[in-house]
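The values are calculated or read from the model by the stated rules, or taken from the named source; none is laboratory data. Please read these numbers as outputs of a predicted model, since none were measured by experiment. With ideal geometry, Cβ positions are generated from the backbone for all residues, glycine too; neighbour counts draw on all protein chains shown. Side chains are part of the model used for accessible areas, which takes the heavy atoms of the whole protein and leaves out ligands, DNA and RNA. Shrake-Rupley method; radii C 1.70, N 1.55, O 1.52, S 1.80 Å.
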Amino acid sequence: VAAARQVEDSDAWVERRVEWVTAILDRDRAVGETPLMPVLLALLAADRGDGTLPATRAEILHGIVEAAVRRREARRDPGLRVGTLNEHDSANATLAAFAVEAVLGDSGAQARVTTVQEAIAAALTRDWGLPAGTAASGASAIVHFWDEIGIFVIRGTDEIVAPRMEVFLDIGDAVQAAAQSPDAVAAWVDARIRDRRHEPLILAAALSEA
């Protein structure tokens, strides 16, 4: 990558990113439990300038979430296509569905795969104009995409969908908050401060600056 981009002092550029990825894996061993995560970290590191490498755990994992989807989009992977949406819209719909899954998980209830698929299908119809049947098949593809990546995994014979790490719930919370009206965001901020949930606030601030 460094050679293709004709980076000055490529050895230092590579070393900086290797150190960054290694430090994350050493500090957060749960990230390394899914084989694809280190690959996505490396892609994230290669795609960012030295001054824009994410620092907080939530920002890092949000970067991984985006990298997973954008990697599939760049490859024009048919497994990422959602109904009749094009590659770019399919990627955005998949990212939006991440927040839907997170909100269901954050409710404290165990969400069955059918419940998650129904919620995502409703969002695909509401936000992307897909007819019910197409939205249902698209929702199934999205749920299995996040399971394959190892972010929201389907567990047990009851097929319960759960986040591999609790911080993914905070990330989804922040992503959804970023799309709300100013009044709704103000109420959301007050609620997170009251609950002492600081990670979603930090990430939401970073997303609003992006």
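In terms of packing, defined here as the mean over residues of other Cβ atoms within 10 angstrom, the peptides 15-21, 189-195, 120-126 line up highest first as 120-126, 15-21, 189-195. Label region 63-103 by shape, choosing from rounded, prolate and oblate, from the square roots a ≥ b ≥ c of the eigenvalues of the Cα gyration tensor; if a/c is under 1.5 it is rounded, and otherwise prolate applies when a/b is larger than b/c, oblate when it is not. Note, shape of region 63-103 comes out oblate.
Extension gain for Asp195 to Val153 (0.36 nm times residue separation, less C-alpha to C-alpha distance): 12.5 nm. Taking all protein chains into account, the per residue accessible area for region 118-210 stands at 52 Å² (1.4 Å probe).
Measuring only protein heavy atoms, the 1.4 Å probe finds Thr84 accessible over about 110 Å².
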